[in-house]
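Notes to accompany the following structure.
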Amino acid sequence: MSIIIPAYNEEENIKRAIKAALSQDYPVSEVIVVDDGSEDGTYERAKEIKDHRLKVLKIDHRGKAGAINEGLKIAKGSVIVTTDADSFMSKDAVRRLVERFYSDDVVAVGGQIRVIVESFMTLVQDIEHLRIAMYRRGKELENLSLAPGPLSAFRRDVLEKIGGIQRSIVEDYATTKIVKKYGRVVYAPKAKLYTRMPITLRDLWRQRKRWFLGDLQHHNLNDLLNLLLGDVIALLDVILPFIFLLEGSYLPLLAFVMFEVITMVIAVIWEGGSLIEALLFPVVLWFLALFYLSLHLYGYAVYGLKSLLRFTRS
């Protein structure tokens, strides 16, 4: 079992990530930190931790995929766990990932991502990830659509077959798509990782814009149809509360709010969380529906324009 942690300018977070990796309740052979050309003290901070299992490399800046693949070159484990330097794993995360390699055709396992709450915007994102966790447990337990970058495990031989983590602005999604050609990717809901996320709306928009435009490059027709269906549902989530209010139909609106709160209470009990997250969910749902609908419309316009320019040039 090898854990690879790529790090770029993470001097504030790197030691916590390393200590969490070294403190797993499952035998970890090595933890490999790859300093991806950081301009701060990331490398020096990582070297301060003394453990015979820890290896710290420093390379020229190559991006996250390049850093992980550099670590893969020296990794000895038959299973490779990838995690982020701005995150920390729960003590049993690796064991929970390993449990899900229950069959030879399982080639990768993704964990549950939770958000470290540092602002109201990060609270919103943790509520969002609670919902994602509930959806993945219910719909994607045996066929995960995305092995998340902050916490995933791969069979080493499969990573070598595909040339390592794929170079893309959405390397986790691109890698998941290719890995699925060799077997199944499953979900480990009990393998939890806590990560830092954007604390302002502007930073959240920038991050999700990058993710969405990157995802579009790897979508097939079926993916796009599902995406458009989701956008239609998001539109209904945005406008229906106003329609109910304007028509004085308070009972349907109250029923909708109560349904969403109850489902989130179940998620909080099952996945872990707080009651305030369940109570806030109807408002957060409306905000996220508006946010992603706006983001997707922007993304479609940008992607369409770029495609048109490529077509006219050819």
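A short reminder: the numbers here are calculations on the coordinates, not readings from a lab. Fair warning: this is a prediction, and the values are worked out from it, not measured in the lab. All Cβ positions, glycine included, derive from the backbone under ideal geometry; neighbour counts span all protein chains shown.
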Interchain or sequence-distant (5+) residues whose placed amide H lies within less than 5 Å of the amide H of Ala147 are Thr176
Which of the lysines could a cross-linker span from Lys209 if the Cα-Cα distance has to be under 19 Å and same-chain partners fewer than 8 positions apart are dropped? Lys64, Lys306
Near the amide H of Ala191, under 5 Å away, which other amide H atoms are found, from residues 5 or more places off or on another chain, if H is placed in the peptide plane? Gln112
Listed peptides 155-162, 6-13 by packing density, highest first (mean Cβ within 10 Å): 6-13, 155-162
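Quick one: of Lys76/Lys192; Lys55/Lys192; Lys19/Lys192; Lys19/Lys50, which pairs are farther than 20 Å apart, Cα to Cα? Kindly include the intermediate steps, with their values, before the conclusion.
On the way: Lys76/Lys192 24 Å; Lys55/Lys192 24 Å; Lys19/Lys192 15 Å; Lys19/Lys50 10 Å.
Listed pairs above 20 Å: Lys76/Lys192; Lys55/Lys192.
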A correct fewest-to-most ranking of Met1, Met258 by other Cβ atoms within 10 Å would be Met258, Met1
State whether the range 157-314 is rounded, prolate or oblate according to the following rule on the C-alpha gyration tensor (a ≥ b ≥ c being the square roots of its eigenvalues): a/c under 1.5 gives rounded; otherwise a/b larger than b/c gives prolate, and the remaining case gives oblate. oblate
Separation between the Lys58 and Arg156 pseudo-spin-labels, each 7 Å from Cα along Cα→Cβ, expressed in nm? 2.7
From the Cα centre of the range 139-217 to that of the range 1-55, the distance in Å is 20
Of the listed values (i) 28.9, 109; (ii) 20.6, 68; (iii) 20.5, 62, identify the label whose number matches Rg and Dmax of the Cα atoms in Å calculated from this model. (ii)
Hydropathy first: keep DSSP H helices in the chain averaging at least 1.6 on Kyte-Doolittle, then drop any whose Cα extent along the axis falls short of 24 Å, and list what survives. 221-246, 250-271
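Normalising by the residue count of the range 219-313, find the relative contact order in percent from Cα pairs under 8 Å and 6+ residues apart. Walk me through the numbers on the way to the answer.
Numbers: 41 pairs, mean separation 29.9, N = 95.
Relative contact order, the range 219-313: 31 percent.
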Residue by residue through the range 157-168, the couplings from Karplus 6.51 cos²θ - 1.76 cosθ + 1.60 with θ = phi - 60°, in Hz, x for Gly and Pro, are 5, 6, 4, 5, 5, 9, x, x, 4, 6, 7, 6
Over the chain, what relative contact order in percent results from Cα pairs under 8 Å that are six or more residues apart? 17
Under 5 Å from the placed amide H of Lys58, counting only residues 5+ away or on other chains, we find Asp35
